[in-house]
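What follows is a set of notes on a single structure, which appears directly below.
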Amino acid sequence: MNNNARGFFAERPLPQFEVDPKMLRRRTRRDVLWLGAGTVATLAGARSLLPHALRIDDDVAESLYSPHRKVPTYTKSQITPLKNNYNGATPDPSYIPGWHLTLDGLASGVSVALDIRSLTTRLSIHEQITRLVCVEGWSAIAWWDGLRFDDLLRAYPPTSQAKWVLVESSVNLDASGNSDPYYVSLDLASACHPQTLLATHFNGQPLTVEHGAPLRLLVPVKLGLKNVKAITKLTYVAQEPRDYWAERGYSHYDGI
């Protein structure tokens, strides 16, 4: 999901406590995120330091990452409204008939283009109800169906040197409706997480343009700005690729 990452995120009040370094690894990544961001923001007394707080969290969040740690799941009775939060203007749906997903950096050495039918007939669809957390300070519990990113990696393996994937949306627009391609870096460890989906459905229905039709990234262990809508290309690389918000001073890891 493309987010305007200029707000300060807060799902619950910032905890006021000191942490013994020996106990640090016993804290969840969520608590560590709040501790790092809250401490810096409090000392600075200004929202403008949020990018610095997020960058402080990067190394800690990466060190605590575990593929076995899953975010909570919910029931359909707990679903809450999810707003359209495109980074800029919502694209016109005219791109959908010609849409395809391009895969580059594959072990085969060739570039592959897949339409949505090819993806959904070859790979299994999985359902999950998880919370999407936005850097702006809101969150929503939503019901998604889609392909596990890990299944895509198995079906179309990346080169053995790959440790990152550049996730791009060429149809993204700025606030004025002009072309503004969106791109984020995603570590392959997070891509392989069992709850990371390439979502095709929202609330039991095919994705609408507002929610990233026909395919969007859903990474519940990352902040919403990593959850790219209307993905058009995945490129596997050995070194960390460019990232839209990291280039603007924000975090590159964005874990929760």
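Here are the numbers:
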item: Residues that are modelled with pLDDT of 95 or more, over 23 Å from residue 210 (Cβ atoms) and exposed (fewer than 12 other Cβ atoms within 10 Å of the Cβ), drawn from region 57-104; result: 72, 75, 77
item: Residues satisfying the stated conditions in region 226-256, i.e. over 23 Å from residue 112 (Cβ atoms), among the small types (Gly, Ala, Ser) and modelled with pLDDT of 90 or more; result: 246
item: Pairs with Cβ under 9 Å, 6+ apart, first in region 104-128 and under 17 Å from residue 167 (Cα atoms), second among the charged types (D, E, K, R) and at pLDDT 95 or above; result: 104/233; 111/104; 112/104; 114/122
item: Residues located in region 201-235, provided they are open to solvent by 10 Å² or more (accessible area, probe 1.4 Å) and either touching a helix residue (DSSP H, G or I) at 6+ places or on another chain (Cβ under 7 Å) or in a helix (DSSP H, G or I) (or both); result: 202, 209, 210, 211, 214
item: Those residues of region 246-256 which are touching a helix residue (DSSP H, G or I) at 6+ places or on another chain (Cβ under 9 Å) and either within 24 Å of residue 93 (Cα to Cα) or open to solvent by 10 Å² or more (accessible area, probe 1.4 Å) (or both), in sequence order; result: 246, 248, 249, 250, 252, 256
item: Some residue of region 236-245 being open to solvent by less than 20 Å² (accessible area, probe 1.4 Å), part of a loop (DSSP other than H, G, I, E, B) and in contact with a Phe, Trp or Tyr (Cβ under 8 Å, 6 or more places away or on another chain); result: yes
item: Matching residues, region 144-178, being assigned to a strand (DSSP E or B) and either open to solvent by 20 Å² or more (accessible area, probe 1.4 Å) or over 22 Å from residue 208 (Cβ atoms) (or both); result: 145, 148, 158, 164, 165, 166, 168, 173
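Every residue, every condition in (1) within 20 Å of residue 186 (Cβ to Cβ); (2) touching an Asp or Glu at 6+ places or on another chain (Cβ under 7 Å); (3) not basic (Lys, Arg); (4) not in a strand (DSSP E or B), yes or no:
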{"residue": "77", "(1), (2), (3), (4)": "no, no, yes, yes"}
{"residue": "85", "(1), (2), (3), (4)": "yes, no, yes, yes"}
{"residue": "94", "(1), (2), (3), (4)": "no, no, yes, yes"}
{"residue": "119", "(1), (2), (3), (4)": "yes, no, yes, yes"}
{"residue": "128", "(1), (2), (3), (4)": "yes, no, yes, no"}
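The values are calculated or read from the model by the stated rules, or taken from the named source; none is laboratory data. Quantities reported herein were computed from a predicted structural model and do not represent experimental measurements. Glycine also receives a Cβ, built like all others from the backbone with ideal geometry; neighbour counts cover every protein chain displayed. For the accessible areas, the whole protein counts, side chains as well, though only heavy atoms, and no ligand, DNA or RNA atoms are used. Shrake-Rupley method; radii C 1.70, N 1.55, O 1.52, S 1.80 Å.
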